[in-house]
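K.L.:
Sending over a structure as structure tokens; questions will come in a sec.
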Amino acid sequence: MIDLRDYVREIADFPKPGIRFKDITPLIGNGPAFRATIDRMSALVSEAELASGQKIELIASPEARGFIFGPPLAAHLGVGFVPIRKPNKLPAARTSVSYALEYGTDTVEMHTDGVDPGQRVLLVDDVLATGGTMAACRELVEQLGGTVVGCLFLMELTFLEGRGRLDGTPIYTILEE
Ligand code: AMP
């Protein structure tokens with residue numbers, strides 16, 4: 001069995017001093033490791049569906065690294081994918097949520113027709129750090145009347161306690177640190 005941990009490289013002091021950046025490029029650069037990741041994510045989706053008793057209808061992910069894992073998982077499951085983007089990138093009518101960073105604010109956007117009211121959405125990203133990005137993504141889906149049935153990550157940095165920002169939503173992760 002492949003240990004996915006072996007394919008996540010830690011880069012010290014990137015992008016700023018004090019940050020230990022989890023670099024997933026070795027993982028996606030290795031075919032068997034990438035496939036094993038999508039297979040394990042898919043197994044977690046089955047778990048989420050069993051726990052909620054409901055099928056997932058859509059996957060939504062924030063750019064940039066969410067776009068690496070969300071679309072192959074959606075294709076594997078045969079469900080649609082909705083991109084969540086930085087401001088002014090999406091061409092059609094869109095909705096926005098801004099959230100606080102350590103310094104300043106950030107904004108995420110989604111097309112208003114990306115999610116229909118009542119649709120069951122799974123949010124997917126590579127790393128759960130402080131949870132600020134995912135909390136904003138959850139708010140976007142909820143603004144459009146969608147239901148977030150869970151948040152799925154390759155890796156959770158537990159010491160940052162991002163789960164607290166996602167209170168009330170089940171969290172699924174393959175690796176923890
Ligand atoms: P968060 O603090 O949870 O809002 O993290 C925001 C985004 O930054 C996530 O989409 C992660 O991809 C990325 N990120 C945050 N911290 C790290 C880290 N230590 N290594 C790699 N990516 C990170």
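K.L.:
So for the chain, averaging the separation of alpha carbon pairs under 8 Å that are six or more residues apart and normalising by length, what relative contact order in percent results?
P.N.:
Reported relative contact order: 17 percent.
K.L.:
Rounded to the nearest 500, what is the 222 nm mean residue ellipticity of the chain from helices alone, with -39500 (n - 2.57) per DSSP H run of 4+ residues and division by all residues?
P.N.:
Result for the chain: -9000 deg cm²/dmol, rounded to the nearest 500.
K.L.:
Moving on to the next point. Can you spot the lysines whose alpha carbon is less than 25 Å from Lys16's alpha carbon? Ignore those fewer than 8 places along the same chain.
P.N.:
Lys86
K.L.:
Moving on to the next point. Once Lys and Arg get +1 and Asp and Glu get -1 on their Cβ, which of Leu128, Phe67, Ile174 lies farthest toward the positive end of the dipole of the chain?
P.N.:
The listed residue farthest towards the positive side: Phe67.
K.L.:
Quick one: accessible area per residue over the chain, 1.4 Å probe, rounded to a whole number of Å²?
P.N.:
That works out to 50 Å² for each residue.
K.L.:
If you count the DSSP beta bridges with both ends in the range 54-176, what percent of them are antiparallel, to the nearest 5?
P.N.:
Here the share of antiparallel DSSP bridges comes out near 30 percent.
K.L.:
Okay, next question. Carbon and sulfur atoms: what percent of the 1.4 Å accessible area of the range 54-176 do they account for?
P.N.:
In the range 54-176, the share of accessible area belonging to carbon and sulfur is 47 percent.
K.L.:
Another question, if that's okay. Please report the orientation-averaged projected area of the chain, defined via the convex hull of its C-alpha atoms, in nm².
P.N.:
Mean projected area for the chain: 10.2 nm², to one decimal.
K.L.:
Amide H of Tyr172 versus every other amide H placed in the peptide plane: which residues, excluding those fewer than 5 positions away on the same chain, fall under 5 Å?
P.N.:
Hits under the 5 Å cutoff: Cys151, Leu152, Phe153.
K.L.:
A follow-up question, please. Using a Förster distance of 30 Å, how high is the FRET efficiency between Thr169 and Met1, based on the Cβ-Cβ distance and rounded to 0.05?
P.N.:
0.55
K.L.:
May I ask you to list, by number, the DSSP H helices of the chain whose Cα span along the axis is at least 18 Å and whose average Kyte-Doolittle hydropathy reaches -0.5 or more?
P.N.:
Result, helices passing both filters: 31-52.
K.L.:
Another question, if that's okay. If I stretch the segment between Arg9 and Leu160 completely, what's the gain in nm (0.36 nm per residue apart, minus their alpha carbon distance), one decimal?
P.N.:
Additional length available on full extension: 52.5 nm.
K.L.:
Right, next: Run the numbers for Ile38 and Glu63: contour at 0.36 nm per residue of separation, minus the present Cα-Cα distance, in nm.
P.N.:
Contour length minus Cα-Cα distance gives 7.2 nm.
K.L.:
Net charge around Pro83, counting only other residues with Cβ within less than 13 Å of its Cβ (Lys, Arg = +1; Asp, Glu = -1)?
P.N.:
Net charge around Pro83: +1.
K.L.:
With a 1.4 Å probe and all protein chains kept in place, how do Glu102, Glu63 rank by accessible area, largest first?
P.N.:
Heavy-atom accessible area, descending, gives Glu102, Glu63.
The values are calculated or read from the model by the stated rules, or taken from the named source; none is laboratory data. Since we're looking at a predicted model, the values are computed, not measured. All Cβ positions, even for glycine, are placed from backbone atoms using ideal geometry, and neighbour counts span all protein chains on display. Remember, those area values only see protein heavy atoms, side chains included, never the ligands or the DNA or RNA. Shrake-Rupley method; radii C 1.70, N 1.55, O 1.52, S 1.80 Å.
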